[in-house]
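The values are calculated or read from the model by the stated rules, or taken from the named source; none is laboratory data. None of these values were measured; they are calculated from a predicted model. Glycine also receives a Cβ, built like all others from the backbone with ideal geometry; neighbour counts cover every protein chain displayed.
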Amino acid sequence: MGKVTVITSGKGGTGKSTLAAGLGAALVRRGSRVLIIDCDAGMRGIDLMLGVSGELVFDIADIVIGNCPPDSAIYPCKTVPELYILPAPQNVRDKVSPYIMKQLVRVLEKYYDHILIDCPAGIGTGFQSAAVSAHRAIIVANAEPLSVRSCDKVRSRLKEMNIPSILLVINRFNERKFRKMNVFPDLDAVIDRSGVRLLGIVPEDNAVASLTQRGEPVEGRLKAVYAFDRIAARLDGVHVPLED
Ligand SMILES: Nc1ncnc2c1ncn2[C@@H]1O[C@H](COP(=O)(O)OP(=O)(O)OP(=O)(O)O)[C@@H](O)[C@H]1O
Ligand SMILES: [Mg+2]
């Protein structure tokens with residue numbers, strides 16, 4: 001039975017989809033079979049990041065209304081074997097209800113070691129559908145006041161939904177910019193303010209942004225890839241010391 005992890009954020013654009021793509025590839029490197037479900041109806045992006053956007057015929061909504069069996073809407077990522085994607089509907093009005101989503105994920109989790117669910121920003125119905133079946137949640141924040149403040153709302157909502165484990169990833173961290181902003185004294189203050197236990201820190205890495213924008217595999221000797229590998233190990237229960 002696979003572990004289901006929803007990747008959320010209060011504020012938009014913090015790097016949820018980038019983390020889903022990078023972490024998916026990192027979990028595959030650890031020997032897992034991984035499915036990424038894009039729950040961002042109307043704004044899907046994981047298909048582009050994994051280089052399969054030209055091939056999509058069906059999406060989650062097609063499974064739900066019976067247009068196709070589930071495996072016809074699940075696409076293998078060509079460049080990363082054992083990484084699969086289930087795309088979100090292109091149109092926001094076709095988004096799947098939390099009740100149906102939960103049933104679907106309970107079936108799919110039998111076939112994968114990990115399911116990562118890429119969530120829309122905020123705590124609307126898209127968020128609920130994405131989070132309802134999760135065994136754990138990652139809140140992705142940038143080390144900026146607005147982003148950090150929004151963690152609190154998401155964490156409370158996830159708690160109300162009884163998600164057993166809620167973890168923080170600080171993404172796009174750039175020490176020079178962080179110091180220049182001069183809002184938080186250090187990263188501990190960011191973590192305290194978020195109210196969420198830290199899972200990992202991903203540095204700002206334009207090389208990784210370019211890979212995902214071009215739909216190329218998130219791999220290689222890059223700072224962010226190293227961070228994704230460490231986060232993947234922690235998700236698998238391996239003790240990896242927090243970033244130095
Ligand atoms: N670690 C990183 N280093 C540099 N750029 C990054 C990093 N992570 C994400 N980005 C860039 O930040 C932008 C937003 O990333 P992404 O689309 O993953 O965010 P998101 O949280 O999924 O956004 P949305 O809320 O719109 O779904 C993209 O241009 C992406 O390339
Ligand atoms: Mg996204």
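A few comments on the model shown:
- Looking only at region 59-74, and only at residues there that are part of a loop (DSSP other than H, G, I, E, B) and either over 21 Å from the mean Cα position of the chain (by Cα) or within 16 Å of ligand 2 (Cβ to nearest atom) (or both), the one that is nearest to Gly13 (Cα to Cα): Asp59
- Region 214-231, residues that are in contact with a Gly (Cβ under 9 Å, 6 or more places away or on another chain) and among the hydrophobic types (A, V, I, L, M, F, W, C): Val218, Ala224, Val225, Ala227, Phe228, Ile231
- Some residue of region 75-94 being in contact with an Asp or Glu (Cβ under 7 Å, 6 or more places away or on another chain), within 16 Å of ligand 1 (Cβ to nearest atom) and in a strand (DSSP E or B): yes
A quick yes/no check of all residues on (1) within 16 Å of ligand 2 (Cβ to nearest atom); (2) closer than 17 Å to Leu27 by Cα:
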| residue | (1), (2) |
| --- | --- |
| Leu187 | no, no |
| Ser194 | no, no |
| Arg197 | no, no |
| Ile201 | no, yes |
| Glu204 | no, no |
| Val208 | yes, yes |
| Leu211 | yes, no |
| Gly215 | yes, no |
| Ala232 | no, yes |
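Results for (1) more than 16 Å from ligand 1 (Cβ to nearest atom); (2) modelled with pLDDT of 95 or more; (3) out of contact with any strand residue (DSSP E or B) (no Cβ under 7 Å at 6 or more places or on another chain), shown as yes or no for each residue.
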residue	(1), (2), (3)
Ser9	no, yes, no
Lys16	no, yes, no
Ala41	no, no, yes
Arg44	no, no, no
Val52	yes, no, no
Phe58	yes, yes, yes
Pro70	yes, no, yes
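- Residue count, region 26-44 (criterion: within 16 Å of ligand 2 (Cβ to nearest atom) and either among the hydrophobic types (A, V, I, L, M, F, W, C) or outside any loop (DSSP other than H, G, I, E, B) (or both)): 6
- Residue within region 102-124 that is among the acidic types (Asp, Glu), buried (at least 24 other Cβ atoms within 10 Å of the Cβ) and within 28 Å of Arg214 (Cα to Cα) present: yes
- Test: residue in region 108-122 that is over 30 Å from Gly54 (Cβ atoms), away from ligand 1 (no atom under 12 Å from the Cβ) and modelled with pLDDT of 95 or more: no
- Residue within region 83-97 that is within 27 Å of Lys153 (Cα to Cα) and of a type in the set (Val, Ile, Thr) present: yes
- Exactly one residue out of Pro164, Pro145, Pro185 is away from ligand 1 (no atom under 16 Å from the Cβ) and closer than 18 Å to Arg234 by Cα: that is Pro164.
- Per-region count, region 72-90, residues touching a Lys or Arg at 6+ places or on another chain (Cβ under 6 Å), over 16 Å from Asp118 (Cα atoms) and aliphatic (A, V, I, L, M): 0
- Region 8-24 - residue that is among the small types (Gly, Ala, Ser) and in contact with a helix residue (DSSP H, G or I) (Cβ under 7 Å, 6 or more places away or on another chain) and, of those, nearest to ligand 2 (Cβ to nearest atom): Ser17
- Picking from residues in region 1-16 that are out of contact with any Leu (no Cβ under 9 Å at 6 or more places or on another chain) and crowded, with 23+ Cβ neighbours inside 10 Å, the one that is farthest from Val225 (Cα to Cα) is Ser9.
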